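So the structure is just underneath, and the comments pick up after that.
The values are calculated or read from the model by the stated rules, or taken from the named source; none is laboratory data. Nothing here was measured: the structure is a model prediction, and the numbers come from that model. When the accessible area is computed, the model is the full protein with side chains, heavy atoms only, and any ligands, DNA or RNA have been set aside. Shrake-Rupley method; radii C 1.70, N 1.55, O 1.52, S 1.80 Å.
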Amino acid sequence: GASLEQTTLLVGALKRSDAFGDRLAAVALEHSLRPVSYESAYYKIPTDWSPDGRHLLFSAMTSSDFDLWLLPVAGDPKPVSFLSAPGDQMHGNFSPNGMLVAYSSNESGRSEIKVQTFPLTDRQWTVSTTGGYEPRWRADGRELYYLSLGQKLMAVAVGPGPSFGARTELFQVRIAGG
């Protein structure tokens with residue numbers, strides 16, 4: 001069968017009156033899931049599906065900062081706060097096994113890559129050491145990639161526990177508009 005990514009379209013809609021997204025919608029292309037929608041006055045940025053397809057992870061501005069939220073795809077589609085901290089928490093990305101979430105946080109005053117357990121516990125790791133954003137997991141979960149503040153693609157080995165190895169610079173990237 002097709003995976004959730006192959007059969008579901010995620011839409012972040014914008015208000016016509018301004019540049020802030022006010023609606024998230026997940027629409028099943030093959031009608032295997034009912035359409036789910038969430039509207040609010042806050043700007044929302046969808047970033048990832050949980051590997052089991054049960055949650056949509058997104059960043060939402062709530063007052064003055066972005067926090068990470070979960071939108072259940074089945075049942076009652078009411079969003080629940082996943083991670084709230086001072087500063088912005090963005091670019092959330094589930095590990096392939098669904099047990100960790102990597103994200104960008106500027107809680108320290110500089111954007112860094114952090115990893116948090118899923119479901120949420122008090123276990124958290126700061127993975128980058130000199131800034132970073134846009135984390136992504138390797139398909140087998142044994143490496144985490146991110147962009148450095150100097151626009152270099154970085155890699156960090158991920159071991160059991162989890163444990164995180166040394167940061168390795170892979171190559172310089174060019175980001176349009178960046």
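Hey, can you grab everything whose amide H is under 5 Å from the amide H of V73? Only 5+ residues off in sequence or another chain; H modelled, so Pro and N-termini drop out.
H55, L56
Would you work out if the range 62-101 is rounded, prolate or oblate? Take a ≥ b ≥ c from the square roots of the eigenvalues of the alpha-carbon gyration tensor; rounded if a/c is under 1.5, else prolate when a/b is larger than b/c, oblate otherwise.
Details: a/c = 3.01, a/b = 1.22, b/c = 2.46.
Oblate.
Determine the share of the range 67-178's accessible area contributed by carbon and sulfur atoms, expressed in whole percent, with a 1.4 angstrom probe.
On the way: 3060 of 5590 Å².
Percent of accessible area from carbon and sulfur atoms in the range 67-178: 55.
Could you give the accessible area per residue of the range 57-159, probe 1.4 Å, as a whole number in Å²? Display every interim value, and only then the final one.
On the way: 4390 Å² over 103 residues.
Value for the range 57-159: 43 Å² per residue.
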